[in-house]
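**Student:** One structure coming up, written as C-alpha coordinates, with questions to follow.
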Amino acid sequence: MPLAHGRSYLAIPGPSVMPDRVLNAMHRAAPNIYEGAMVEMTKGLIPDLKRVALSSGHVAIYIANGHGAWEAAIANMFSRGDTALVALTGRFGIGWAEAARRMGINAETIDFGLKSPADPEKIAEALKADTAHRIKAVLVTHVDTATSVRNDIAAIRRAIDGVGHPALLAVDCIASLGCDEFRFDDWGVDIMVAASQKGLMVPPGLAFVWISDKALAACRGADLATPYWDWTPRIEVNEYYQFFCGTAPTHHLFGLRESLTMILDEEGIENVWARHRTLSEAVWAALDTWGQGGDIAMNIADPALRGRSVTAVKIGDGGAGKLRKWLETEAGVTLGIGLGMTLPSDARYGDFLRVAHMGHLNAHMVMGVLGTMEAGMTALEIPHGRGALAAAAAVIAKG
Ligand SMILES: *Cc1c(COP(=O)(O)O)cnc(C)c1O
(Lines give C-alpha, C1' and ligand atoms only; values in the text may rest on other atoms or scores of the structure.)
Protein backbone atom coordinates (compact mmCIF):
# COMPACT_ATOMS: atom_id res chain seq x y z
CA MET A 1 0.00 0.00 0.00
CA PRO A 2 1.55 3.35 -0.97
CA LEU A 3 2.29 5.61 1.98
CA ALA A 4 3.00 8.64 -0.16
CA HIS A 5 -0.08 10.73 0.59
CA GLY A 6 0.59 13.70 2.81
CA ARG A 7 2.99 16.57 2.28
CA SER A 8 5.62 15.53 -0.23
CA TYR A 9 9.26 16.43 0.13
CA LEU A 10 11.43 17.34 -2.83
CA ALA A 11 15.01 16.52 -1.82
CA ILE A 12 16.58 17.34 -5.19
CA PRO A 13 19.33 19.95 -5.49
CA GLY A 14 17.12 22.67 -6.87
CA PRO A 15 14.46 23.76 -6.82
CA SER A 16 14.79 23.35 -3.06
CA VAL A 17 12.00 23.32 -0.49
CA MET A 18 10.22 26.67 -0.55
CA PRO A 19 9.05 28.08 2.78
CA ASP A 20 5.31 28.74 2.96
CA ARG A 21 6.24 32.26 4.05
CA VAL A 22 8.07 32.84 0.78
CA LEU A 23 5.15 31.45 -1.24
CA ASN A 24 2.65 33.49 0.75
CA ALA A 25 4.69 36.65 0.24
CA MET A 26 4.34 36.09 -3.50
CA HIS A 27 0.61 35.54 -3.34
CA ARG A 28 -0.68 39.05 -4.00
CA ALA A 29 -2.14 41.31 -6.65
CA ALA A 30 0.17 42.74 -9.28
CA PRO A 31 1.98 45.81 -7.89
CA ASN A 32 2.79 49.11 -9.57
CA ILE A 33 6.30 48.82 -11.00
CA TYR A 34 6.84 52.55 -11.53
CA GLU A 35 6.56 53.99 -8.05
CA GLY A 36 5.66 53.13 -4.50
CA ALA A 37 6.21 50.10 -2.30
CA MET A 38 7.68 47.84 -4.98
CA VAL A 39 10.37 50.35 -5.87
CA GLU A 40 11.26 50.97 -2.22
CA MET A 41 11.34 47.26 -1.45
CA THR A 42 13.75 46.56 -4.31
CA LYS A 43 16.20 49.19 -3.04
CA GLY A 44 16.44 47.25 0.22
CA LEU A 45 17.16 43.97 -1.56
CA ILE A 46 20.49 45.18 -2.91
CA PRO A 47 22.29 45.64 0.45
CA ASP A 48 20.82 42.36 1.68
CA LEU A 49 22.02 40.47 -1.39
CA LYS A 50 25.48 41.85 -0.65
CA ARG A 51 25.18 40.75 2.99
CA VAL A 52 24.27 37.19 2.04
CA ALA A 53 27.48 36.94 -0.02
CA LEU A 54 29.57 39.01 2.44
CA SER A 55 30.34 41.36 -0.42
CA SER A 56 30.92 45.10 -0.47
CA GLY A 57 30.80 45.17 -4.28
CA HIS A 58 27.88 45.40 -6.67
CA VAL A 59 25.05 43.07 -7.56
CA ALA A 60 22.97 42.73 -10.73
CA ILE A 61 19.64 40.86 -10.80
CA TYR A 62 18.34 39.13 -13.93
CA ILE A 63 15.15 37.28 -14.77
CA ALA A 64 16.85 33.97 -15.50
CA ASN A 65 17.95 30.65 -14.05
CA GLY A 66 21.50 29.56 -13.28
CA HIS A 67 22.35 29.09 -16.94
CA GLY A 68 21.35 32.72 -17.42
CA ALA A 69 23.65 33.75 -14.55
CA TRP A 70 26.52 31.91 -16.27
CA GLU A 71 25.85 33.79 -19.49
CA ALA A 72 25.47 37.12 -17.73
CA ALA A 73 28.89 36.74 -16.13
CA ILE A 74 30.53 35.61 -19.38
CA ALA A 75 28.93 38.39 -21.43
CA ASN A 76 30.20 41.10 -19.11
CA MET A 77 33.63 39.66 -18.38
CA PHE A 78 34.86 38.95 -21.89
CA SER A 79 35.24 40.18 -25.40
CA ARG A 80 35.01 37.68 -28.24
CA GLY A 81 38.24 35.70 -28.53
CA ASP A 82 39.35 36.28 -24.92
CA THR A 83 40.75 33.35 -22.96
CA ALA A 84 39.33 31.85 -19.77
CA LEU A 85 40.73 29.08 -17.61
CA VAL A 86 37.95 26.82 -16.31
CA ALA A 87 38.46 24.31 -13.49
CA LEU A 88 36.30 21.23 -14.11
CA THR A 89 35.12 19.23 -11.11
CA GLY A 90 31.86 17.87 -12.49
CA ARG A 91 28.96 18.56 -14.81
CA PHE A 92 28.46 22.17 -13.73
CA GLY A 93 32.04 23.30 -14.36
CA ILE A 94 31.78 21.60 -17.75
CA GLY A 95 28.52 23.44 -18.43
CA TRP A 96 30.02 26.85 -17.69
CA ALA A 97 32.99 26.11 -19.97
CA GLU A 98 30.64 24.99 -22.76
CA ALA A 99 28.60 28.18 -22.44
CA ALA A 100 31.80 30.25 -22.65
CA ARG A 101 32.95 28.39 -25.79
CA ARG A 102 29.61 28.84 -27.50
CA MET A 103 29.90 32.57 -26.81
CA GLY A 104 33.25 32.74 -28.61
CA ILE A 105 35.59 32.46 -25.63
CA ASN A 106 38.71 30.38 -25.79
CA ALA A 107 37.90 28.30 -22.70
CA GLU A 108 40.95 26.35 -21.61
CA THR A 109 40.09 23.68 -19.08
CA ILE A 110 41.83 21.70 -16.40
CA ASP A 111 39.89 18.53 -15.66
CA PHE A 112 40.14 17.43 -12.04
CA GLY A 113 37.82 14.46 -12.60
CA LEU A 114 34.63 13.58 -10.76
CA LYS A 115 36.06 12.69 -7.36
CA SER A 116 38.40 15.50 -6.36
CA PRO A 117 38.40 19.26 -5.97
CA ALA A 118 40.39 21.66 -8.13
CA ASP A 119 44.06 21.65 -7.18
CA PRO A 120 45.20 25.28 -6.70
CA GLU A 121 48.78 24.24 -7.59
CA LYS A 122 47.67 23.09 -11.05
CA ILE A 123 45.82 26.36 -11.58
CA ALA A 124 48.96 28.26 -10.52
CA GLU A 125 51.05 26.24 -12.99
CA ALA A 126 48.68 27.04 -15.87
CA LEU A 127 48.75 30.73 -14.99
CA LYS A 128 52.52 30.75 -14.65
CA ALA A 129 52.83 29.30 -18.15
CA ASP A 130 50.61 32.13 -19.42
CA THR A 131 53.40 34.71 -19.47
CA ALA A 132 51.51 36.88 -21.98
CA HIS A 133 48.60 37.13 -19.51
CA ARG A 134 46.04 36.04 -22.09
CA ILE A 135 43.89 34.38 -19.41
CA LYS A 136 41.42 37.03 -18.33
CA ALA A 137 39.61 35.02 -15.67
CA VAL A 138 39.65 31.73 -13.79
CA LEU A 139 36.16 30.17 -13.61
CA VAL A 140 35.43 27.70 -10.84
CA THR A 141 32.37 26.12 -9.25
CA HIS A 142 32.22 26.45 -5.46
CA VAL A 143 30.15 23.29 -4.96
CA ASP A 144 29.64 21.18 -8.06
CA THR A 145 26.10 19.89 -7.69
CA ALA A 146 26.79 16.79 -9.78
CA THR A 147 29.79 15.43 -7.87
CA SER A 148 29.07 17.33 -4.62
CA VAL A 149 32.73 18.30 -4.35
CA ARG A 150 33.57 21.65 -2.72
CA ASN A 151 36.40 23.75 -4.12
CA ASP A 152 38.62 25.85 -1.87
CA ILE A 153 38.01 29.31 -3.27
CA ALA A 154 40.36 31.17 -0.92
CA ALA A 155 43.19 28.78 -1.81
CA ILE A 156 42.58 29.32 -5.53
CA ARG A 157 42.77 33.09 -4.99
CA ARG A 158 46.09 32.65 -3.17
CA ALA A 159 47.35 30.49 -6.04
CA ILE A 160 46.45 33.19 -8.59
CA ASP A 161 48.11 35.92 -6.52
CA GLY A 162 51.07 33.69 -5.71
CA VAL A 163 52.19 33.64 -9.34
CA GLY A 164 51.44 37.34 -9.82
CA HIS A 165 48.82 36.73 -12.51
CA PRO A 166 46.15 39.42 -13.01
CA ALA A 167 43.32 36.95 -13.83
CA LEU A 168 39.95 37.64 -12.26
CA LEU A 169 38.41 34.94 -10.09
CA ALA A 170 34.82 34.07 -11.05
CA VAL A 171 32.88 31.61 -8.90
CA ASP A 172 29.62 29.70 -9.45
CA CYS A 173 27.88 29.59 -6.05
CA ILE A 174 24.51 28.51 -7.46
CA ALA A 175 24.46 25.38 -5.28
CA SER A 176 26.22 26.80 -2.24
CA LEU A 177 25.04 30.35 -1.50
CA GLY A 178 23.02 30.31 1.69
CA CYS A 179 24.24 26.78 2.52
CA ASP A 180 28.03 26.63 2.61
CA GLU A 181 30.28 29.28 4.09
CA PHE A 182 31.14 31.81 1.40
CA ARG A 183 32.99 35.13 1.83
CA PHE A 184 33.17 37.21 -1.33
CA ASP A 185 35.38 39.99 0.05
CA ASP A 186 37.62 37.99 2.39
CA TRP A 187 38.31 35.30 -0.19
CA GLY A 188 39.17 37.82 -2.91
CA VAL A 189 36.41 36.83 -5.31
CA ASP A 190 35.84 39.16 -8.28
CA ILE A 191 32.65 37.78 -9.79
CA MET A 192 30.13 35.37 -8.29
CA VAL A 193 26.92 33.95 -9.73
CA ALA A 194 23.91 32.46 -7.97
CA ALA A 195 20.21 31.82 -8.59
CA SER A 196 17.06 32.02 -6.52
CA GLN A 197 15.97 28.39 -6.34
CA LYS A 198 18.58 26.71 -4.18
CA GLY A 199 19.91 28.06 -0.88
CA LEU A 200 17.82 31.21 -1.28
CA MET A 201 14.58 29.14 -1.19
CA VAL A 202 12.70 31.17 -3.84
CA PRO A 203 11.15 29.65 -6.99
CA PRO A 204 13.43 29.48 -10.02
CA GLY A 205 13.49 32.70 -12.02
CA LEU A 206 16.04 35.09 -10.52
CA ALA A 207 19.74 35.05 -11.37
CA PHE A 208 22.33 37.18 -9.61
CA VAL A 209 25.83 38.35 -10.39
CA TRP A 210 28.03 39.92 -7.72
CA ILE A 211 30.88 42.09 -8.98
CA SER A 212 33.90 43.55 -7.18
CA ASP A 213 35.06 47.10 -7.93
CA LYS A 214 38.17 45.63 -9.48
CA ALA A 215 36.14 43.38 -11.79
CA LEU A 216 33.85 46.22 -12.76
CA ALA A 217 36.83 48.29 -13.90
CA ALA A 218 38.61 45.34 -15.56
CA CYS A 219 35.52 44.35 -17.56
CA ARG A 220 34.43 47.78 -18.76
CA GLY A 221 33.94 47.68 -22.53
CA ALA A 222 33.75 43.88 -22.85
CA ASP A 223 32.14 43.48 -26.24
CA LEU A 224 30.02 40.38 -25.59
CA ALA A 225 27.58 42.31 -23.41
CA THR A 226 24.31 42.70 -25.30
CA PRO A 227 21.67 45.18 -24.09
CA TYR A 228 19.76 42.73 -21.91
CA TRP A 229 22.80 41.11 -20.28
CA ASP A 230 24.92 44.25 -19.79
CA TRP A 231 25.29 44.64 -16.05
CA THR A 232 26.10 48.38 -16.15
CA PRO A 233 22.56 49.80 -16.08
CA ARG A 234 21.52 47.18 -13.53
CA ILE A 235 24.09 48.32 -10.98
CA GLU A 236 24.22 52.02 -11.79
CA VAL A 237 20.55 52.61 -11.46
CA ASN A 238 18.80 55.86 -12.14
CA GLU A 239 15.35 54.62 -13.07
CA TYR A 240 13.62 51.61 -11.62
CA TYR A 241 13.07 49.89 -14.96
CA GLN A 242 16.85 49.86 -15.49
CA PHE A 243 17.27 47.41 -12.63
CA PHE A 244 15.63 44.76 -14.76
CA CYS A 245 15.98 46.05 -18.31
CA GLY A 246 12.18 46.09 -18.46
CA THR A 247 9.37 44.76 -16.29
CA ALA A 248 10.52 43.70 -12.84
CA PRO A 249 10.10 40.07 -11.68
CA THR A 250 7.60 41.45 -9.20
CA HIS A 251 6.44 38.37 -7.30
CA HIS A 252 9.84 36.76 -7.14
CA LEU A 253 11.14 39.94 -5.53
CA PHE A 254 8.53 39.71 -2.77
CA GLY A 255 9.54 36.08 -2.25
CA LEU A 256 13.20 37.05 -2.14
CA ARG A 257 12.47 39.81 0.39
CA GLU A 258 10.94 37.21 2.71
CA SER A 259 13.76 34.72 2.25
CA LEU A 260 16.50 37.28 2.87
CA THR A 261 14.72 38.39 6.03
CA MET A 262 14.60 34.78 7.20
CA ILE A 263 18.26 34.13 6.37
CA LEU A 264 19.84 37.39 7.48
CA ASP A 265 17.63 38.91 10.15
CA GLU A 266 15.98 35.93 11.81
CA GLU A 267 18.42 33.02 11.63
CA GLY A 268 21.65 34.80 10.70
CA ILE A 269 23.92 33.68 7.85
CA GLU A 270 26.48 32.03 10.16
CA ASN A 271 23.70 30.00 11.79
CA VAL A 272 22.39 29.04 8.35
CA TRP A 273 25.84 27.67 7.51
CA ALA A 274 26.02 25.87 10.89
CA ARG A 275 22.60 24.28 10.31
CA HIS A 276 23.71 22.99 6.92
CA ARG A 277 26.93 21.73 8.50
CA THR A 278 25.17 19.62 11.10
CA LEU A 279 22.40 18.37 8.81
CA SER A 280 24.89 17.36 6.09
CA GLU A 281 26.92 15.48 8.69
CA ALA A 282 23.79 13.62 9.79
CA VAL A 283 23.23 12.51 6.19
CA TRP A 284 26.87 11.48 5.87
CA ALA A 285 26.78 9.51 9.14
CA ALA A 286 23.81 7.50 7.83
CA LEU A 287 25.47 6.89 4.46
CA ASP A 288 28.72 5.80 6.12
CA THR A 289 26.82 3.30 8.25
CA TRP A 290 24.77 1.91 5.36
CA GLY A 291 28.00 1.55 3.37
CA GLN A 292 29.46 -0.73 6.03
CA GLY A 293 27.04 -3.47 5.00
CA GLY A 294 26.50 -2.90 1.30
CA ASP A 295 27.67 -1.37 -1.95
CA ILE A 296 26.78 2.19 -0.87
CA ALA A 297 29.31 5.01 -0.94
CA MET A 298 29.47 8.77 -1.14
CA ASN A 299 31.14 10.08 -4.29
CA ILE A 300 33.57 12.29 -2.39
CA ALA A 301 35.43 10.14 0.11
CA ASP A 302 36.93 12.90 2.26
CA PRO A 303 34.23 14.77 4.22
CA ALA A 304 36.41 17.89 4.29
CA LEU A 305 35.99 18.13 0.52
CA ARG A 306 32.20 17.72 0.40
CA GLY A 307 29.69 20.49 -0.16
CA ARG A 308 27.13 21.06 2.58
CA SER A 309 24.08 21.32 0.33
CA VAL A 310 24.03 18.08 -1.65
CA THR A 311 25.61 14.62 -1.46
CA ALA A 312 26.24 12.44 -4.51
CA VAL A 313 25.89 8.75 -3.71
CA LYS A 314 26.53 5.46 -5.47
CA ILE A 315 24.33 2.46 -4.65
CA GLY A 316 25.49 -0.42 -6.81
CA ASP A 317 23.51 -2.88 -8.92
CA GLY A 318 21.00 -0.22 -9.93
CA GLY A 319 20.04 0.28 -6.28
CA ALA A 320 20.07 4.08 -6.51
CA GLY A 321 17.49 4.20 -9.30
CA LYS A 322 15.24 1.64 -7.60
CA LEU A 323 15.48 3.44 -4.29
CA ARG A 324 14.61 6.80 -5.85
CA LYS A 325 11.56 5.30 -7.49
CA TRP A 326 10.44 3.57 -4.29
CA LEU A 327 10.79 6.75 -2.22
CA GLU A 328 8.76 8.78 -4.65
CA THR A 329 5.90 6.33 -5.13
CA GLU A 330 5.76 4.79 -1.65
CA ALA A 331 6.95 7.49 0.71
CA GLY A 332 6.43 10.96 -0.83
CA VAL A 333 10.13 11.82 -0.98
CA THR A 334 11.90 12.71 -4.24
CA LEU A 335 15.68 12.33 -4.33
CA GLY A 336 17.90 13.76 -7.06
CA ILE A 337 19.05 11.78 -10.07
CA GLY A 338 22.74 11.08 -10.53
CA LEU A 339 24.11 13.73 -12.88
CA GLY A 340 27.21 13.61 -15.03
CA MET A 341 28.54 10.39 -13.50
CA THR A 342 27.53 8.21 -16.48
CA LEU A 343 25.41 8.79 -19.55
CA PRO A 344 21.70 7.94 -19.16
CA SER A 345 22.25 5.23 -21.80
CA ASP A 346 24.91 3.56 -19.61
CA ALA A 347 23.91 0.45 -17.66
CA ARG A 348 25.42 2.02 -14.52
CA TYR A 349 23.15 5.07 -14.70
CA GLY A 350 20.88 3.55 -12.07
CA ASP A 351 23.77 3.35 -9.61
CA PHE A 352 23.77 7.06 -8.78
CA LEU A 353 21.54 9.46 -6.90
CA ARG A 354 21.89 12.70 -4.97
CA VAL A 355 20.41 13.67 -1.65
CA ALA A 356 19.86 17.41 -1.42
CA HIS A 357 20.06 19.07 1.97
CA MET A 358 19.84 22.70 0.96
CA GLY A 359 17.76 25.61 2.08
CA HIS A 360 14.59 25.36 4.13
CA LEU A 361 15.14 22.13 6.02
CA ASN A 362 15.56 21.08 9.59
CA ALA A 363 16.43 18.08 11.70
CA HIS A 364 13.09 16.32 11.40
CA MET A 365 13.04 16.64 7.63
CA VAL A 366 16.52 15.13 7.35
CA MET A 367 15.65 12.31 9.77
CA GLY A 368 12.50 11.73 7.71
CA VAL A 369 14.44 11.41 4.46
CA LEU A 370 16.98 9.09 6.05
CA GLY A 371 14.29 6.97 7.72
CA THR A 372 12.38 6.54 4.47
CA MET A 373 15.61 5.74 2.62
CA GLU A 374 16.25 2.97 5.11
CA ALA A 375 12.68 1.68 4.74
CA GLY A 376 13.17 1.63 0.97
CA MET A 377 16.44 -0.27 1.22
CA THR A 378 14.75 -2.83 3.44
CA ALA A 379 11.73 -3.17 1.14
CA LEU A 380 13.93 -3.51 -1.94
CA GLU A 381 16.39 -5.84 -0.19
CA ILE A 382 19.29 -3.54 -0.94
CA PRO A 383 22.10 -4.72 1.35
CA HIS A 384 23.03 -2.03 3.88
CA GLY A 385 24.70 -1.65 7.25
CA ARG A 386 22.56 -1.37 10.43
CA GLY A 387 22.33 1.59 12.75
CA ALA A 388 22.31 4.46 10.25
CA LEU A 389 19.44 6.32 11.89
CA ALA A 390 21.06 6.08 15.30
CA ALA A 391 24.27 7.45 13.80
CA ALA A 392 22.41 10.36 12.20
CA ALA A 393 20.46 11.04 15.39
CA ALA A 394 23.72 11.15 17.36
CA VAL A 395 25.01 13.90 15.05
CA ILE A 396 21.83 15.89 15.45
CA ALA A 397 21.82 15.37 19.22
CA LYS A 398 25.25 17.00 19.43
CA GLY A 399 23.88 19.94 17.42
C1 LIG B 1 21.75 24.34 -10.47
C2 LIG B 1 23.11 24.75 -10.87
C3 LIG B 1 23.37 25.40 -12.08
C4 LIG B 1 22.31 25.62 -13.12
O5 LIG B 1 21.23 26.31 -12.66
P6 LIG B 1 19.86 26.30 -13.51
O7 LIG B 1 18.98 27.20 -12.73
O8 LIG B 1 19.41 24.88 -13.53
O9 LIG B 1 20.18 26.81 -14.85
C10 LIG B 1 24.65 25.82 -12.33
N11 LIG B 1 25.65 25.60 -11.45
C12 LIG B 1 25.45 24.96 -10.30
C13 LIG B 1 26.59 24.76 -9.37
C14 LIG B 1 24.17 24.52 -9.97
O15 LIG B 1 23.97 23.88 -8.82
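The values are calculated or read from the model by the stated rules, or taken from the named source; none is laboratory data. Just so it is clear, the structure is predicted and the values come from calculations on it, not from any experiment. Ideal geometry is used to build each Cβ from the backbone, glycine not excepted, and the neighbour counts take in all protein chains shown. The protein model used for the area step is the full one, side chains on, heavy atoms only, and it has no ligands, DNA or RNA in it. Shrake-Rupley method; radii C 1.70, N 1.55, O 1.52, S 1.80 Å.
**Student:** Only loop residues by DSSP count here, and only those with at most 11 other Cβ atoms within 10 Å; note down the GluC sites (Glu not before Pro) in region 302-399 that meet that. Don't skip to the end; give the middle numbers.
**Tutor:** Numbers: sites: Glu328, Glu330, Glu374, Glu381; in loops: Glu381.
Qualifying residues, ordered by number: Glu381.
**Student:** Hey, another quick one. Can you send over the solvent-accessible area of Asp213, 1.4 Å probe, protein chains only, in Å² to the nearest 10?
**Tutor:** Rounded to the nearest 10, that gives 100 Å².
**Student:** Asn362 to Glu125: extension gain in nm, 0.36 nm per residue of separation minus the Cα-Cα distance?
**Tutor:** Working: separation 237, 0.36 × 237 = 85.32 nm, distance 4.24 nm.
Value of the extension gain: 81.1 nm.
**Student:** Determine, for region 111-248, the count of lysine pairs separated by eight or more sequence positions (or lying on different chains) whose alpha-carbon distance falls under 25 Å. Each step should come with its number before you reach the end.
**Tutor:** Values: Lys115/Lys198; Lys122/Lys136; Lys122/Lys214; Lys128/Lys136; Lys128/Lys214; Lys136/Lys214.
Here the count comes out as 6.
**Student:** How much of Glu267 can a 1.4 Å solvent probe reach, expressed as accessible area in Å² and rounded to 10?
**Tutor:** Roughly 60 Å² of Glu267 is accessible to a 1.4 Å probe.
**Student:** Once the other residues with Cβ under 13 Å from the Cβ of Gly350 are scored (Lys, Arg +1; Asp, Glu -1), what is the net sum? Intermediate values should be presented prior to the final figure.
**Tutor:** On the way: positive: Lys314, Lys322, Arg324, Lys325, Arg348; negative: Asp295, Asp317, Asp346, Asp351.
So the environment of Gly350 carries a net charge of +1.
**Student:** Compute from the Cα atoms of the chain the Rg and the Dmax, the latter being the longest Cα-Cα distance, and quote both in angstrom.
**Tutor:** 21.3, 67
**Student:** Further question on the same structure: Can you give me the solvent accessible area of Trp326 with a 1.4 Å probe, rounded to the nearest 10 Å²?
**Tutor:** Here the accessible area works out near 60 Å².
**Student:** Only Cα pairs within less than 10 Å get springs; with that Gaussian network setup on the chain, which residue of Val163, Val140, Val86 has the largest fluctuation?
**Tutor:** Val163
**Student:** Let me ask another. Using 0.36 nm times the number of residues separating Glu266 and Ser8, minus their current alpha carbon distance, what extension gain do you get? The partial results should precede the final answer.
**Tutor:** Details: separation 258, 0.36 × 258 = 92.88 nm, distance 2.59 nm.
The Glu266-Ser8 span can extend by a further 90.3 nm.
**Student:** Take Ile94, Ile211, Ile63, Ile382 and sort them by solvent-accessible surface of the protein heavy atoms, 1.4 Å probe, largest at the top. Numbers along the way, then the final one.
**Tutor:** Working: Ile94 50, Ile211 0, Ile63 75, Ile382 20 Å².
Descending accessible area places them as Ile63, Ile94, Ile382, Ile211.
**Student:** Tell me, what HN-Hα J-couplings in whole Hz come from the Karplus equation 6.51 cos²θ - 1.76 cosθ + 1.60 at θ = phi - 60° for each residue of region 188-197, using x for Gly and Pro?
**Tutor:** For region 188-197, the Karplus curve yields x, 7, 9, 9, 9, 10, 8, 9, 6, 9 Hz.
**Student:** Of the heavy-atom accessible surface of region 31-266 (probe 1.4 angstrom), what whole percent is carbon and sulfur?
**Tutor:** Numbers: 4320 of 8520 Å².
Percent of accessible area from carbon and sulfur atoms in region 31-266: 51.
**Student:** Separate question: Give me, ordered by chain and number, the residues 5 or more places off Arg150 or on other chains with an amide H under 5 Å from its own placed amide H.
**Tutor:** The list, which skips near neighbours in sequence, is Arg306, Gly307.
**Student:** Any idea how far apart Arg51 and Asp223 come out in nm if each label point goes 7 Å out from Cα toward Cβ?
**Tutor:** Here the answer is 4.3 nm between the modelled labels.
**Student:** Here's another thing I want to ask about it. Taking only protein heavy atoms into account and a 1.4 Å probe, give the accessible area per residue of region 97-164 in Å².
**Tutor:** Numbers: 3000 Å² over 68 residues.
Result: 44 Å² of accessible area for each residue.
**Student:** Among the trypsin sites (Lys or Arg not before Pro) in region 1-95, which ones are in a DSSP loop with at most 12 other Cβ atoms within 10 Å of the Cβ? Mind listing them?
**Tutor:** Loop-located and lightly packed - Arg7, Arg28, Arg80.
**Student:** Here's a follow-up. How big is region 1-75 in terms of Cα radius of gyration and Dmax, in angstroms?
**Tutor:** 17.3, 55
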